[in-house]
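Asker: Pasting a structure here, questions to come.
The values are calculated or read from the model by the stated rules, or taken from the named source; none is laboratory data. Remember, predicted model here, so these are calculated numbers, not experimental data. Glycine also receives a Cβ, built like all others from the backbone with ideal geometry; neighbour counts cover every protein chain displayed.
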Amino acid sequence: MKSLSELDEISINALLDGELDGDERAILLERLANEPELRGAHSRLAITRDLVAHAWDDAEPPYREKYPPQRRRRRFAVAAAMILLMVGFFAGRVMGPETVVGVPSSAETSQGQSDQVIVHIMDADPARQRAALDRVENLLAEGYHRVELVAHSEALDLLRSDRSADAGRVRELISAHPDLRLFACGNTIARIERQGERVQLIEGIVRASSAVDHIVDRLQNGWHYIKA
Amino acid sequence: MSVFDWFCGARQAQQQLAESRQRLYRMALAWTGDPALADDLAQETLTRALQKAHQVRDPERFNGWLFAVLHSCWREHLRRRRPEQLDEEEKHRLPAGDPGPAQLRNSGQISALVRAAVADLPDGQRQVVSLVDLEGLSYAEVAGVLSVPVGTVMSRLCRARRALQSRLLNLHQETTESARLRSVK
């Protein structure tokens with residue numbers, strides 16, 4: 001691995017941290033597109049930054065009486081969700097190919113790398129859920145042969161027949177793309193059902209035992225990972 | 001700035017403070033590696049900050065100000081502690097040494113690995129990398145929190161990430177190799 005000048009390293013860090021102005025950013029992005037060494041350094045620094053950013057997600061200050069039990073449970077659930085996110089993200093960074101924009105390019109596919117992509121969504125925001133569906137559609141349109149969407153935590157609603165704001169679009173996607181697989185996290189479903197609520201999935205949705213296990217298995221088999 | 005704006009700013013700062021305990025705790029834990037000390041520092045920071053919240057007139061500067069208070073508490077702690085306390089506190093630090101690649105599927109092990117790597121950085125680098133990566137503070141804000149020039153922030157961050165990268169990414173390669181070997185068996 002060729003070593004980079006400190007100035008280049010500082011520039012890449014500044015890019016990652018949103019510290020470059022428009023012109024500086026454009027120049028560096030152009031260099032990233034043309035210089036594989038620089039691109040590799042960018043990916044490695046991005047991984048490092050992301051690992052540090054999530055390493056304390058589960059760190060909770062010691063319990064103090066002012067927090068009622070119900071609130072503590074919610075805080076624990078949020079921490080657990082963050083750990084889950086970190087595992088998925090970590091695995092994606094480690095085992096998936098790295099690009100500047102986080103999306104596999106057609107060039108990579110033509111070089112014989114995997115054309116199998118797993119898209120991961122855990123956000124409750126319907127706009128982000130729709131963006132995930134857009135991403136899936138775009139990947140299919142670009143010719144990726146195997147595309148999967150995995151929803152867990154608050155994003156599960158997207159795949160529920162009783163709660164999805166985009167149930168019609170999900171059904172259309174399933175019927176139009178026989179190779180597309182959409183997975184609902186079994187752990188999330190079990191958690192909801194333990195609270196007395198019945199979960200009805202849209203027809204054609206597959207229940208995975210656990211979103212994280214499913215994602216890690218896919219990554220170990222060379223799939224690309226995208227967090228929507 | 002009108003009296004109304006000033007009042008609203010101070011009130012908003014009070015409200016932000018109430019929600020800041022966990023963030024302060026995480027930052028203090030990243031700096032000290034000791035959960036009990038981190039909680040003490042977070043509490044001390046909150047206490048001081050609540051007394052001085054009226055000084056924050058611009059809510060956008062709240063984060064930088066809050067972590068500057070934490071930094072001040074941490075520096076005071078370092079000045080106060082006796083030599084024998086140094087050994088005692090070292091015992092509470094997060095475990096040194098990396099977990100093996102086989103354990104890395106477990107998110108707790110990943111966190112432990114990263115935390116141990118950050119704990120081994122020099123103080124200045126550890127503070128910069130945690131303020132930027134955990135809290136997303138800008139370089140200028142970090143410079144303000146630590147009272148150092150922005151150039152120092154950039155060079156410390158560069159050295160910190162280089163050190164972390166070399167330690168963490170080697171393990172990533174082992175992890176990938178290990179996964180490949182498992183699938184071949």
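Asker: Would you please name the residue that is farthest from the other protein chains (Cβ to nearest Cβ), looking only at residues in segment A:19-34 that are of a type outside the set (A, V, I, L, M) and in contact with a helix residue (DSSP H, G or I) (Cβ under 9 Å, 6 or more places away or on another chain)?
Answerer: Residue satisfying both the conditions and the ranking: A:Arg31.
Asker: Answer yes or no as to whether B:Val129 is touching a residue at least 24 places away in the same chain (Cβ under 8 Å), closer than 21 Å to B:His71 by Cβ and in a helix (DSSP H, G or I).
Answerer: Taking the combined requirement at face value, the residue satisfies it.
Asker: In addition: Among the residues of segment A:35-62, count how many are more than 19 Å from the chain's Cα centre (by Cα), within 8 Å of chain B (Cβ to nearest Cβ) and of a type in the set (A, V, I, L, M).
Answerer: 1
Residue by residue, here is whether (1) away from chain A (no Cβ under 11 Å); (2) modelled with pLDDT under 95 holds:
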site: B:Lys91; (1), (2): yes, yes
site: B:Ile110; (1), (2): no, yes
site: B:Arg115; (1), (2): no, yes
site: B:Ser130; (1), (2): no, no
site: B:Glu135; (1), (2): no, yes
site: B:Cys158; (1), (2): no, no
site: B:Thr176; (1), (2): no, yes
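Asker: Looking at segment B:23-41, which of its residues are within 15 Å of B:Val114 (Cα to Cα) and assigned to a helix (DSSP H, G or I)?
Answerer: Correct list: B:Arg26, B:Met27, B:Leu29, B:Ala30, B:Trp31, B:Thr32.
Asker: Here's another thing I want to ask about it. Could you tell me which of the residues A:Gly18, A:Gly102, A:Gly22, A:Gly112 is on the phi > 0 side of the Ramachandran plot and at pLDDT 85 or above?
Answerer: Matching residue, one of A:Gly18, A:Gly102, A:Gly22, A:Gly112: A:Gly18.
Asker: Condition first: within 15 Å of the chain's Cα centre (by Cα) and in a helix (DSSP H, G or I). Now tell me which residues in segment A:118-143 satisfy that.
Answerer: A:Arg128, A:Gln129, A:Arg130, A:Ala131, A:Ala132, A:Leu133, A:Asp134, A:Arg135, A:Val136, A:Leu139
Asker: In the list A:Ala176, A:Ala151, A:Ala167, A:Ala190, which residue meets the criterion of being assigned by TED's automatic domain parsing to the domain that holds A:Val117 and over 21 Å from A:Asp123 (Cβ atoms)?
Answerer: A:Ala176
Asker: Scanning for something among the acidic types (Asp, Glu) and not in a helix (DSSP H, G or I), does segment A:12-20 turn up at least one residue?
Answerer: The answer is yes, given that some residue of segment A:12-20 is among the acidic types (Asp, Glu) and not in a helix (DSSP H, G or I).
Asker: Taking the criterion of being out of contact with any Gly (no Cβ under 7 Å at 6 or more places or on another chain) and touching a residue at least 40 places away in the same chain (Cβ under 8 Å), would at least one residue in segment A:184-198 satisfy it?
Answerer: Looking for residues that are out of contact with any Gly (no Cβ under 7 Å at 6 or more places or on another chain) and touching a residue at least 40 places away in the same chain (Cβ under 8 Å), one finds none in segment A:184-198, hence no.
Asker: For A:Arg73, are the conditions met, namely being at pLDDT below 85 and either charged (D, E, K, R) or surrounded by fewer than 12 Cβ atoms within 10 Å (Cβ to Cβ) (or both)?
Answerer: Yes; evaluated as a whole, the condition is true for this residue.
Asker: Any residue at all in segment A:145-165 that's without any contact (Cβ under 8 Å) to a residue 12 or more places away in the chain and in a helix (DSSP H, G or I)?
Answerer: no
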